[in-house]
Amino acid sequence: MTDAPKKLFNRNFLLLWQGQFISQMGTQMAIIGEIFWVKHSLHMATLVGLTSILWTLTTILFGPIGGSFADTHSRKKIIVLCDILSGIGFFSLSIVIFTMPDALWLIFGLIITLAIINGIIFSAFNPAIQASVPDIVPARDLQRANSITSSSYQISVLVGQSLGGVIFKVIGAPFMFLVNSLSFLYCGITESFIKLPDRTKKMAKGNLKKTIRAHMANIAEGLKYIFSNKGLRSSLTTIAVLNFFSSPIIVLLPFFVEDTLHIGAEWYGFFMGGFGMGAIVGYILTGILDLKGKVKSSAYVFSITVMAVLGIIFALSGNPVISLIAFTLIGILKRVCEHNVYHGTADTNSR
């Protein structure tokens, strides 16, 4: 057993926090490296988003299993092992690109394989991280600790995506993968010094099946509640449609930047940085304004309408600066829409 933590910024929390910040920033840069490597090497837009799709589907499929695994095994070992495995994976990818740069489909196959493996790893890694935080900070500071980790995640994504395009232009994808692998290995080593109490649960026979069934039952119950509530159903449907049609924009953005606007890869980072900064501004605005009732619903409708207009300006302006401004404003308004949905902006009561 470890002693109860007396302060928020103790040794264990700082080790965990810095590890997540560094590895996430490296991951965001590596993602941009993957996107531009696929674009420049294979010239196929459909393949650019394939890794993201496979990663997402893998995390959804293995989520219940990963959560159960994190409950029944040492969280510290899971965290350290997952970081080291991810580091080895990206290190292997960088070595293959360095030594066999012309084996394009072999490299792409490794990228796809890594996406699936990392999806499985994340399914156990994320629950282990979330379960560890309450044990390494005082109970009175738990909400603050979660806020710090969430904010640092957003910052690492913003910084990683903003710098990714510039770094790709300077050092190229192989070095980006190598740097990401070293960041994972560094995090795995430093996080091995974290002290966590042993709270592993012994899994009873058939417990995994029960866990998965309970997880599916929770999903079914949530969907039943959503579809029985007219206002909430309409709001979430709108967000789902927006995300469905906006997700391909991120996938096609490298082609838009280089082939339509005829500017360098570093501008991809500027666009993603602007969008991320817009999301942060939107988050701050929703907290400051704290709109209620019909005013909040009106803000929701207004945000969606203006986003549509900004999307047209973004696509057709032909000017990088104007497109960047439009994309940043879209980031602000998208965050406002999401806040309205998740905090009951639209009328969530059936009438």
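Bear in mind these aren't lab numbers, they're just calculated from the coordinates by the rules spelled out. Predicted model, so just to flag it, every value in this text is computed and none were measured. No Cβ is skipped: glycine too gets one built from the backbone with ideal geometry, and neighbour counts run over all protein chains shown.
Annotations
- Remark: 40, 262 ranked as 262, 40, counting other beta-carbon atoms within 10 Å and listing the fewest first.
- Two-decimal log10 I(q)/I(0) for the range 229-342, as the Debye equation yields it once each C-alpha is a single scatterer, q = 0.12, 0.20 Å⁻¹: -0.44, -1.06
- Residues 267, 17, 105, ranked from the fewest to the most other C-beta atoms within 10 Å, line up as 105, 17, 267.
- 222 nm mean residue ellipticity, helices alone, for the chain (DSSP H n ≥ 4; -39,500 (n - 2.57); rounded to 500): -29000 deg cm²/dmol
- P(r), alpha carbons of the range 73-161 - 5 Å bins starting at zero, rounded %: 3, 12, 15, 16, 19, 13, 9, 6, 3, 2, 1, 0
- Shape analysis of the chain based on the Cα gyration tensor places the equivalent ellipsoid semi-axes at 32, 30, 20 Å, largest first.
- Restraint check, 224/296; 224/334; 7/77; 230/294; 296/334; 77/195, Cα-Cα greater than 19 Å: 224/296; 224/334; 7/77
- Contact order normalised by residue count of the range 11-191, Cα under 8 Å, 6+ apart, percent: 50 percent
- A Förster distance of 22 Å, applied to the separation of the beta-carbon atoms of residue 213 and residue 56, puts the FRET efficiency at 0.45.
- For the range 11-191, the spread of Cα coordinates along the three principal axes comes to 54, 32, 26 Å, biggest extent given first.
- Peptides 268-278, 90-100 ranked from most to least packed give 268-278, 90-100, packing being the mean of other C-beta atoms within 10 angstrom over each peptide's residues.
- Calculated Rg and Dmax of the range 282-332 using C-alpha coordinates, Å: 12.9, 39
- Residue 234 versus residue 155: modelled label distance in nm, points set 7 Å from Cα along the beta carbon direction: 4.0 nm
- Rg(Cα)/(2.2 N^0.38 Å) for the range 16-67, N = residue count: 1.41
- If R0 equals 25 Å, the separation of the Cβ atoms of residue 106 and residue 65 corresponds to a calculated FRET efficiency of about 0.25.
- Inter-label distance, nm, simple model (7 Å from Cα along the C-beta direction), residue 301/residue 46: 4.1 nm
- Calculated FRET value between residue 280 and residue 317, using beta carbons and R₀ = 30 Å, to 0.05: 0.80
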